[in-house]
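Encoded as structure tokens, the structure appears first; notes follow it.
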Amino acid sequence: MHLSIFFLLLFFLTNLQPSFSQQQHQKLTSFNISNSPWLPSQNITLTSPNTNFSAGFFPIPNSQNLFTFSIWFTKIPQSSNPLIWSIPTNLSSSSSLVITSKGELLLNNVSFVNHSNSSQLVLHDSGNLVFGNWTSFLNPTNTIVPSQNISGIEIVSSNDKYKLINSSFLILNDNSSSQYYNTQSPLVSMDDLGKMSYQSNSFLTSDYGDSRIRKLVLDDDGNLRIYSFYPEQKNTWVVVWLAIWESCKIKGKCGPNSICMPREDFYNSTYCVCPSGFEPVEGGSEKGCKRKIQLSSNIHFLRLDYVNYTSNGSMNQITANNYSICESNCTRNVDCLGFGFKYDGSGLCVLLRGKQLQYGYWSPGTELALFLKVDQKETEAPNFIGMTEVMQTTCPVRISLPLPPKDSNTTTRNIVIICTLFAAELIAGVAFFWSFLKRYIKYRDMATTLGLELLPAGGPKRFTYSEIKAATNDFSNLIGKGGFGDVYKGELPDHRVVAVKCLKNVTGGDAEFWAEVTIIARMHHLNLVRLWGFCAEKGQRILVYEYIPGGSLDKYLFRVKSKKSSGTGESESDLSHDTSLPDPSISDKPVLDWNMRYRIALGMARAIAYLHEECLEWVLHCDIKPENILLGDDCCPKISDFGLAKLRKKEDMVTMSRRRGTPGYMAPEWITADPITSKADVYSFGMVLLELVSGVRNFEIQGSVARSDEWYFPGWAFDKMFKEMRVEEILDSQICHAYDSKAHFQLVNRMVKTAMWCLQDRPEARPTMGKVAKMIEGTVEIMDPKKPTVFFLGEE
């Protein structure tokens, strides 16, 4: 009786457990503001109506508490890579997805989709994630699914090395943008049966006719493949079409001068070798080769069969009646590194010119014989032969072995030999595996200790703390102090002079720090200070910038009253020379003429507009002031400290008044309850622009009848410029004598009008930085501005 009750209870608990699991996992058909916030711990997925696709926080394999926000095939196991789209950012378990009342989609409090004016996030039956006018199909990653329109689309491999553009061309995603594949006609779409449509024709995959789960992927090796999912083959993805059968024809496989070689399977794996007369580059960042003996006036040519180099822009095709003419053309050209000749009577001769040979590969389909130029002292024999060698033949020879004697004990002997060899191989295999396991554990622990397993690919250079100490001579040359930390001058082993910023009060762990540093390093603009590397070791957070020798803008503008202002409550951020030289003498700085000041203003505007509107990550500077504007060669302005506001601890950046910037340059909304947008930077830029014209600090009282507690620098400048029409009273006294009303009035008037629009008290009245740059350029008409006021002062 008791035994029956026990089994009945066990049966009840066994059947009850799945019901609890089902309650814990919630499936949504749409995500709206009532479901916000959406956390990874909630175990919620957004499911398409046909249940074929799911979206949500997808756990990263082999990583604890790390996720990506992704779309995946619902019916494919996680171990079989079901992902089709992901946001390229790793998320922690504390991340959240929120829909705001303004119709914005925020991921980790950062706007994921702007200005969609939508109230819900929906996953369609096609796998398209839609939020208002934003769709994942129009913002693909590296994967295309059936029913997705491919026409004109652009996808990038997950390692960011290769790109498919205009649905037709595969290129290297670097400065060269070298093309290595052309579909001849743009791709349009793919269906579930395995038919791929072009604009002019179509093709079928190898398993056409079977309705399967399929996907088109630009893989990290640069090849474009179509995969079909086979659950009957242990849930594997099978390649049913690929664009390039010979992987070595994909550019970027090997470094300069080297040759790409296929392994046993031509369409999968490769390796790199050096041609005769060359040797591998030791310690180089690329897998390239260098000459063993540099070229002199005496040279000869080595023949390399089945080898081809496809250097972009350095191949010169000529017509040569014979081999000697082709050879003499290359011999006469100093920059000719070799030539290819076709032995078919066509006279095809291709001269390879330039400093290095690029994109070399071996292929049995090569029709040209390549001749490589080497020094006469080079005696190494060619290592690629076969196309022009005379084939040698041999006569067959019969070989027979005598039968063993009948009375010999060959069977026992063979068994002993086989068992001995098997035991030896087994012992060797166990020893090899044990050695491998020890090394793996050792390096895994070392990587965990140093945090290398979290280092993102393709990021800035990571320096060790000892390298930073050596470069800065043990932090002995202090060149600046600021709100973000101290700055030291240093020199790298390659003789580059750098500015090393030791950050203080940095928030987040290593992963967050590396992510933000990677974002800052990817911001490339003429008027932004370049970030070359970083250090995250021994609790230190250090950034390595390019060194700007000219110093900061305030030392050129405020040379007369800078001494006085330094004793009037100067804040910590006012000292942030950061990556500039300490100014030994203010009088050493040249006086900026009106043309230089105009170029500085235009360069600043373009750089801030790039941060606000053009770079991948929307960035607010939050502290634009003359101290953070450095002058390089020819007084080219470069903005520093951009992107650092996100690295500071919250308690250091946000006070009861929400102040992040420097007093005198802060927009009114920092103190009011208005939201902080890019217009706060526009206000700070307007104040700096007005100081650039006047040459005085905005908080230094000029000639005015107003009381000191009511005096407002932009209002004073407005009255002088537009009411009293006495423009000479707001000009910098250093160059006021050089002001020519005919030559300079339009320039100064445009700068002052632009500054007045930037300094409007309401954010919505200020223009965007993109429009500000056009206003300074003079490409748009500038309307007469209203007099700027602050929230506690009004018009008289």
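We did not get these values from a lab; they are worked out from the coordinates using the rules stated. Just so we're clear, the structure is a prediction, and the values are computed from it rather than from any experiment. When we count neighbours, we look across all protein chains shown, and the Cβ atoms used for this are built from the backbone with ideal geometry, even at glycine.
Summary table below
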{"quantity": "Label point 7 Å beyond Cα of Asn182 along Cβ direction - residues of the stretch 244-275 with amide nitrogen under 15 Å", "calculated": "none"}
{"quantity": "Amide H within-cut-off set for Leu304, under 5 Å, with H built and near neighbours excluded", "calculated": "Leu370, Phe371, Leu372"}
{"quantity": "Nitroxide proxy distance, nm - points 7 Å out along Cα→Cβ at Leu526 and Gln294", "calculated": "3.5"}
{"quantity": "Phi to ³J(HN,Hα) by Karplus 6.51 cos²θ - 1.76 cosθ + 1.60 over the stretch 136-145, Hz, x for Gly, Pro", "calculated": "6, 5, 8, 9, x, 9, 10, 10, 10, 10"}
{"quantity": "Peptide ranges 674-683, 294-303 listed from the most packed, as the mean C-beta count within 10 angstrom indicates", "calculated": "674-683, 294-303"}
{"quantity": "Eligible lysines near Lys723 by straight Cα distance, threshold 28 Å, same-chain separation 8 or greater", "calculated": "Lys561, Lys625, Lys679, Lys742, Lys753, Lys771, Lys774, Lys786, Lys787"}
{"quantity": "Projected label distance in nm at Ile676 and Ser202, using a 7 Å step from Cα toward the beta-carbon", "calculated": "5.5"}
{"quantity": "Neighbourhood charge, 13 Å Cβ-Cβ cut-off, centred on Thr74 and excluding it, Lys, Arg +1 and Asp, Glu -1", "calculated": "+1"}
{"quantity": "The stretch 469-548 shape via C-alpha gyration tensor axes, a/c threshold 1.5", "calculated": "oblate"}
{"quantity": "Theoretical FRET efficiency, 1/(1+(r/R0)^6), r = Cβ-Cβ of Thr420 and Thr236, R0 51 Å, to 0.05", "calculated": "0.85"}
{"quantity": "Extension gain (nm, one decimal) between Ser41 and Asn321, 0.36 nm per residue minus Cα-Cα", "calculated": "93.4 nm"}
{"quantity": "Two-site label geometry, Asn32 and Ala431: point separation in nm, points 7 Å out along Cα→Cβ", "calculated": "7.1"}
{"quantity": "Protection proxy ranking of 621-628, 499-506, 727-734 - average other beta-carbon atoms within 10 Å, highest first", "calculated": "621-628, 499-506, 727-734"}
{"quantity": "For the stretch 23-244: relative contact order, % (alpha-carbon pairs under 8 angstrom, 6 or more apart)", "calculated": "13"}
{"quantity": "Per-pair calculated FRET efficiency, R0 = 45 Å: Met783 and Ser92 via Cβ, rounded to 0.05", "calculated": "0.40"}
{"quantity": "Cα-based equivalent ellipsoid, the stretch 701-788: semi-axes from gyration tensor eigenvalues, Å", "calculated": "22, 20, 10"}
{"quantity": "Counted charge near Glu367, where neighbours are those whose Cβ lies closer than 13 Å (Asp, Glu -1; Lys, Arg +1)", "calculated": "-1"}
{"quantity": "Charge context of Val544, other residues only, Cβ under 11 angstrom, K/R +1, D/E -1", "calculated": "+3"}
{"quantity": "Proximal lysines to Lys287, defined as alpha-carbon separation beneath 22 angstrom and excluding residues fewer than eight positions away on the same chain", "calculated": "Lys161, Lys163, Lys249, Lys251, Lys253, Lys355, Lys373, Lys461"}
{"quantity": "The stretch 259-375: Cα Rg divided by the 2.2 N^0.38 Å rule of thumb", "calculated": "1.08"}
